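These notes concern the structure reproduced below.
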Amino acid sequence: MAVRDIITVPDPHLKRVSRPVEAVDDALRALMDDMVETMYEANGIGLAAIQVGVDKRVIVMDLSDKRDKPCYFVNPVVTPLTEECKLHREGCLSIPDVYDDVERPERVEVAYLDYNGKVRKDIAEDLFAVCIQHEMDHLEGIVFIDHLSRLKRDRAVKKVQKLVRLRRASTATV
Ligand code: NI
């Protein structure tokens with residue numbers, strides 16, 4: 001397993017629509033293992049493959065308190081089960097230090113293949129519903145700030161660019 005680099009906005013990869021996975025094999029499991037390690041290292045609760053530069057429809061997530069229950073979603077399909085929406089404050093590993101409210105359906109069904117390629121179906125509510133919809137957006141080339149006003153979006157991208165420059169400068173001198 002290896003920690004991979006997480007790309008940040010405005011990297012054009014984040015606008016790409018990810019491609020369906022053809023087979024859940026050892027190579028894909030190696031990618032998923034790396035993604036989980038990368039997500040834990042970055043203190044995130046979810047990560048889409050495109051955030052490590054791989055345009056495959058793969059998501060990993062861990063919503064457990066002890067961070068010991070990784071979940072894997074291959075070729076996920078999300079269907080809203082209610083028209084009722086809920087506001088939730090979101091953040092994203094590709095948009096560090098930016099948080100804002102996004103409205104999404106509060107209950108969805110998610111169908112997917114798991115780590116072993118088995119077909120599964122879950123009902124997602126609360127944080128699970130928020131997180132899976134946020135990650136699904138990544139597979140469509142959408143990031144959460146795309147749901148905000150243009151002003152907020154531009155401000156967020158500038159903030160991230162500045163942060164990335166500062167990080168680069170600090171690692172260059174150490
Ligand atoms: Ni994200």
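A few notes on this one:
- Per-residue ³J(HN,Hα) for region 68-76, Karplus 6.51 cos²θ - 1.76 cosθ + 1.60, θ = phi - 60°, Hz, x for Gly and Pro: 10, 10, x, 10, 10, 10, 10, 6, x
- Selection from VAL77, VAL143, ALA172, by position along the positive dipole direction of region 12-172 (Cβ): ALA172
- Modelled spin labels at VAL17 and GLU140, positioned 7 Å past Cα toward Cβ, are 1.0 nm from each other.
- When THR79, THR38 are arranged by Cβ crowding within 10 Å, least crowded first, meaning fewest neighbours, the order is THR79, THR38.
- Helix-only arithmetic for the chain: the sum of -39500 (n - 2.57) across DSSP H runs with n ≥ 4, divided by the residue total, places the mean residue ellipticity at 222 nm at -10500 deg cm²/dmol.
- Approximate shape of the chain as ellipsoid semi-axes (Cα gyration tensor, √5λ), whole Å, largest first: 25, 21, 14
- Oblate is the label for region 57-119, because a/c, from the alpha-carbon gyration tensor with a ≥ b ≥ c as root eigenvalues, is 1.5 or above and a/b does not exceed b/c.
- Near the amide H of LEU81, within less than 5 Å, lie the amide hydrogens of ARG107, VAL108, GLU109, all on another chain or at least 5 residues away, with H placed in the peptide plane.
- Contact order relative to length of the chain, as percent, for alpha carbon pairs under 8 angstrom and 6 or more apart: 23 percent
- In the chain, lysine pairs closer than 26 Å at Cα, eight or more apart or cross-chain: 17
- Distant-in-sequence amide H partners of GLU90 (H built 1.01 Å from N, under 5 Å): ASP100, ASP101, VAL102
- Sorted peptide list for 66-77, 9-20, 44-55, 161-172, criterion being average Cβ within 10 angstrom, highest first: 44-55, 66-77, 9-20, 161-172
- Dipole of the chain, positive end: most advanced residue of LEU127, ILE59, VAL17 [Cβ charges, Cα centre]: VAL17
- Per-residue 3J(HN,Hα) values for region 110-124, derived from phi via the Karplus relation 6.51 cos²θ - 1.76 cosθ + 1.60 with θ = phi - 60°, read 10, 10, 6, 9, 8, 3, 9, x, 7, 6, 9, 9, 10, 9, 10 Hz in sequence order (x marks Gly and Pro).
- The chain - charge dipole about Cα centre, Lys and Arg +1 at Cβ, Asp and Glu -1, debye rounded to 20: 780 debye
- Span-like helix criteria (full DSSP H runs; alpha carbon extent of at least 27 Å along the helix axis; mean Kyte-Doolittle hydropathy of at least -1.0) are satisfied in the chain by 150-173.
Rule-based calculations on the coordinates, nothing more; no lab input. Quantities reported herein were computed from a predicted structural model and do not represent experimental measurements. Positions of Cβ are backbone-derived with ideal geometry, glycine not excepted, and every protein chain shown enters the neighbour counts.
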